[in-house]
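S.K.: Okay, handing you the structure first.
The values are calculated or read from the model by the stated rules, or taken from the named source; none is laboratory data. Keep in mind that this is a model prediction, so the values were computed, not measured. Glycine also receives a Cβ, built like all others from the backbone with ideal geometry; neighbour counts cover every protein chain displayed. Please note that ligands, DNA and RNA were not included when accessible areas were found on the heavy atoms of the full protein model with its side chains. Shrake-Rupley method; radii C 1.70, N 1.55, O 1.52, S 1.80 Å.
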Amino acid sequence: MDKFHIVGPSRLAGRVRASGAKNAALPALAASLLTDEPLTLHSVPRVRDLRTMARLLDHLGVANEEKGDAGTIVFHRTRPNNPDADDAPYDLVKTMRASVLVLGPLLGHFGHARVSLPGGCAIGVRPIDQHLKGLEALGADIQLSHGYVETVARRLTGARFRFDMATVTGTENVLMAACLAKGTSVLENCALEPEVTDLANLLNAMGARISGLGTATLVVDGVDSLGGAEHTIIPDRIEGGTYLIGAAMTRGDVLLENGIAADLAPLLDKLADAGATVEVTAEGVRVRVDNELVAKDVETCPHPGFPTDLQAQYMALMTQARGVSSIRETIFENRFQHAPELARMGADVRVDGASAHIHGPTPLAGAAVMATDLRASACLVLAGVAAEGETVVDRIYHLERGYEGMELKLQKLGARVARWSTTPAA
Ligand code: EPU
């Protein structure tokens with residue numbers, strides 16, 4: 001298992017580009033199941049979750065071909081007669097919850113799907129009841145059997161459906177299914193995350209008729225078929241936000257060249273409150289810190305609130321701010337696993353149910369730490385960059401699910417990070 005070896009402290013300074021957004025690319029890949037024509041996607045990040053999705057799609061009959069080195073991949077469903085063409089098996093789904101995103105497209109296009117239920121996950125239980133209720137509202141007959149969702153509907157019918165809570169992949173799944181339903185669907189209380197809007201833009205480019213993009217109510221006029229399209233995935237606001245937090249944490253100065261300020265607003269507002277200088281220019285989004293930071297509370301919320309996917313990294317930052325900050329995690333029930341690892345590096349963090357209280361600033365000292373999930377890994381890497389001495393972050397396969405070339409990007413910003421490969425040579 002590979003590890004990151006970090007020698008700190010370093011000040012992060014320079015320019016960095018975010019890769020395409022993992023959480024926008026995942027549903028975009030799944031959308032290739034909605035058409036028989038080629039779908040060309042640019043800026044697909046080279047991260048493990050996308051490779052997993054491509055493998056699942058390959059199993060479902062969608063071939064993929066990489067073109068050039070700008071993350072361009074053409075997806076084309078070339079094997080429509082595969083007998084397993086509607087079956088997403090447990091072996092593939094268990095490694096990544098987002099596999100459930102194939103359910104809506106399979107059902108919408110082929111009228112049937114059999115997808116393994118994703119199991120629990122390190123950060124929480126994460127049910128998919130809203131995905132299923134939304135598909136049922138469109139006329140799907142859904143059975144849960146032997147750990148699988150089995151669903152049929154000769155052709156879905158447009159309907160009005162209100163999500164009980166804002167769910168990102170739930171909105172995406174039902175939206176994709178509704179595109180090929182007969183008649184109009186009105187989906188209410190949809191997630192507002194930029195990744196949902198990116199998917200809706202792609203679907204419209206494929207010939208879907210979705211309106212209300214960027215609002216909580218999406219109206220979908222169903223069409224008989226969707227065609228191919230060419231689409232560039234939006235930059236990853238969580239990856240970019242991670243480097244901006246790193247800049248603030250190390251009293252550095254980082255320009256995120258392709259940062260979209262509106263998508264990053266909840267983080268940028270918080271960084272400015274804490275004392276960072278935030279500049280949005282034609283060149284990108286720049287964060288720099290000259291003086292001491294002050295502690296600021298955060299509560300994670302659906303977009304446009306503070307994203308749960310930056311909570312762990314923000315906790316690392318607050319260890320370096322003066323005062324007591326409270327972080328309340330409202331989205332996932334088990335997303336503080338980085339706290340005890342940070343404490344091992346010298347942070348004063350106390351977790352109390354859904355809240356964590358951080359007393360800062362505390363000097364951080366390098367240590368051997370263990371990554372437990374994707375964003376927790378990023379938090380520990382940032383802590384290692386800011387800490388005095390050597391840090392070894394174990395189990396960075398979690399990090400590789402969502403960060404493309406993180407060690408290279410950090411090196412360019414001045415960090416001393418190396419990958420230690422412990423995988424025996426073949
Ligand atoms: N929920 C339900 N029932 C459902 C769906 C969701 O109770 O049917 C609950 C969840 O348990 C959670 C809340 O609703 O408490 C919101 O979950 P959501 O469905 O929005 O999460 P998700 O779609 O499974 C996506 C991202 C996550 C990100 C969350 C929240 C993808 C592939 N994943 O997950 O990304 O944390 O939205 O913004 O888009 C990550 O990248 O590290 C990551 C975990």
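S.K.: Does Arg395 meet the test of being touching an Asp or Glu at 6+ places or on another chain (Cβ under 6 Å) and within 16 Å of the ligand (Cβ to nearest atom)? Let's see the steps before the verdict.
M.R.: Values: touching an Asp or Glu at 6+ places or on another chain (Cβ under 6 Å): no; within 16 Å of the ligand (Cβ to nearest atom): yes.
For Arg395, the condition - touching an Asp or Glu at 6+ places or on another chain (Cβ under 6 Å) and within 16 Å of the ligand (Cβ to nearest atom) - is not met.
S.K.: Let me ask something additional. Out of the stretch 289-303, which residues are in contact with a helix residue (DSSP H, G or I) (Cβ under 6 Å, 6 or more places away or on another chain) and open to solvent by 50 Å² or more (accessible area, probe 1.4 Å)?
M.R.: The answer is Lys296, and nothing else.
S.K.: Hey, another quick one. What number of residues within the stretch 357-382 satisfy the criterion of being more than 16 Å from the ligand (Cβ to nearest atom), open to solvent by 20 Å² or more (accessible area, probe 1.4 Å) and closer than 26 Å to Arg97 by Cα?
M.R.: Selection size over the stretch 357-382: 1.
S.K.: Another question about this same structure. Identify, please: which residue in the stretch 246-258 is more than 25 Å from Ser326 (Cβ to Cβ) and open to solvent by 20 Å² or more (accessible area, probe 1.4 Å) and is, among those, farthest from the chain's Cα centre (by Cα)? Walk me through it before giving the result.
M.R.: Here is the first cut: in the stretch 246-258, the residues more than 25 Å from Ser326 (Cβ to Cβ) are 252-258.
Now drop any that are not open to solvent by 20 Å² or more (accessible area, probe 1.4 Å), which leaves 253, 257-258.
Values: Asp253: 25, Glu257: 20, Asn258: 17 Å.
Ranking the candidates gives Asp253 first.
S.K.: Find the residue count for the stretch 13-27, including only residues that are more than 11 Å from the ligand (Cβ to nearest atom), small (Gly, Ala, Ser) and surrounded by 22 or more Cβ atoms within 10 Å (Cβ to Cβ). Steps first, answer last, please.
M.R.: First pass over the stretch 13-27, keeping only residues more than 11 Å from the ligand (Cβ to nearest atom): 13-20.
The next check asks that each one be small (Gly, Ala, Ser); those that pass are 13-14, 18-20.
When the remaining residues are screened for being surrounded by 22 or more Cβ atoms within 10 Å (Cβ to Cβ), the result is 18-20.
Qualifying residue count, the stretch 13-27: 3.
Each row is one residue, and each column tells you yes or no for (1) more than 21 Å from Asp198 (Cβ to Cβ); (2) touching a Pro at 6+ places or on another chain (Cβ under 8 Å); (3) at pLDDT below 95; (4) among the aliphatic types (A, V, I, L, M).
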| residue | (1), (2), (3), (4) |
| --- | --- |
| Phe4 | yes, no, no, no |
| Arg15 | yes, no, no, no |
| Ala21 | no, yes, no, yes |
| Leu26 | no, no, no, yes |
| Ala31 | no, yes, no, yes |
| Leu34 | no, yes, no, yes |
| Glu37 | no, no, no, no |
| Arg48 | no, no, yes, no |
| Ala54 | no, no, no, yes |
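S.K.: Between Leu192, Leu199, Leu213, Leu218, which is in contact with a strand residue (DSSP E or B) (Cβ under 9 Å, 6 or more places away or on another chain) and either on the phi < 0 side of the Ramachandran plot or without any contact (Cβ under 8 Å) to a residue 24 or more places away in the chain (or both)?
M.R.: Numbers: Leu192 fails: in contact with a strand residue (DSSP E or B) (Cβ under 9 Å, 6 or more places away or on another chain); Leu199 fails: in contact with a strand residue (DSSP E or B) (Cβ under 9 Å, 6 or more places away or on another chain); Leu213 fails: in contact with a strand residue (DSSP E or B) (Cβ under 9 Å, 6 or more places away or on another chain).
One residue alone meets the criteria, Leu218.
S.K.: Which of the following residues is surrounded by 16 or more Cβ atoms within 10 Å (Cβ to Cβ), closer than 23 Å to Leu293 by Cβ and either away from the ligand (no atom under 16 Å from the Cβ) or small (Gly, Ala, Ser) (or both): Ala354, Ala321?
M.R.: Working: Ala354 fails: closer than 23 Å to Leu293 by Cβ.
Within the list Ala354, Ala321, the selection yields Ala321.
S.K.: Let me ask something additional. Just for the stretch 34-70: of the residues that are of a type in the set (A, V, I, L, M), in contact (Cβ under 8 Å) with a residue 60 or more places away in the chain and not in a strand (DSSP E or B), which one is surrounded by the most Cβ atoms within 10 Å (Cβ to Cβ)? Give the derivation first.
M.R.: So in the stretch 34-70, the residues of a type in the set (A, V, I, L, M) come out as 34, 39, 41, 44, 47, 50, 53-54, 56-57, 60, 62-63, 70.
Now narrow it down to the ones that are in contact (Cβ under 8 Å) with a residue 60 or more places away in the chain: 34, 39, 41, 44, 47.
From what's left, not in a strand (DSSP E or B): 34, 44, 47.
On the way: Leu34: 26, Val44: 28, Val47: 24.
Residue satisfying both the conditions and the ranking: Val44.
S.K.: Here's another thing I want to ask about it. With respect to the numbered conditions (1) among the acidic types (Asp, Glu); (2) open to solvent by 40 Å² or more (accessible area, probe 1.4 Å); (3) within 16 Å of the ligand (Cβ to nearest atom), which one is the sole condition not fulfilled by Asp224?
M.R.: (3)
S.K.: Which residue is most open to solvent (accessible area, probe 1.4 Å), if the candidates are limited to the stretch 165-195 and must be part of a loop (DSSP other than H, G, I, E, B) and away from the ligand (no atom under 14 Å from the Cβ)?
M.R.: Filtering the stretch 165-195 down to residues part of a loop (DSSP other than H, G, I, E, B) leaves 165-167, 180-181, 183, 189-193.
Then keep just the ones that are away from the ligand (no atom under 14 Å from the Cβ); that gives 180-181, 183.
Details: Leu180: 11, Ala181: 0, Gly183: 38 Å².
Here the answer is Gly183.
Conditions tested, residue by residue: (1) free of Cβ contacts under 8 Å to residues at least 40 places away in the same chain; (2) farther than 19 Å from Met315 by Cα.
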| residue | (1), (2) |
| --- | --- |
| Val351 | yes, no |
| His357 | yes, no |
| Ala368 | yes, no |
| Leu380 | no, no |
| Asp394 | no, yes |
| Tyr403 | no, no |
| Leu408 | yes, yes |
| Ser421 | no, yes |
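Listed here are the residues, each with its yes/no results for (1) part of a strand (DSSP E or B); (2) within 16 Å of the ligand (Cβ to nearest atom); (3) within 21 Å of the chain's Cα centre (by Cα).
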{"residue": "Ile73", "(1), (2), (3)": "yes, no, yes"}
{"residue": "Asp91", "(1), (2), (3)": "no, no, no"}
{"residue": "Ala98", "(1), (2), (3)": "no, yes, yes"}
{"residue": "Leu107", "(1), (2), (3)": "no, yes, no"}
{"residue": "Arg126", "(1), (2), (3)": "no, yes, yes"}
{"residue": "Gly134", "(1), (2), (3)": "no, yes, no"}
{"residue": "Gln143", "(1), (2), (3)": "yes, no, no"}
{"residue": "Phe161", "(1), (2), (3)": "yes, yes, no"}
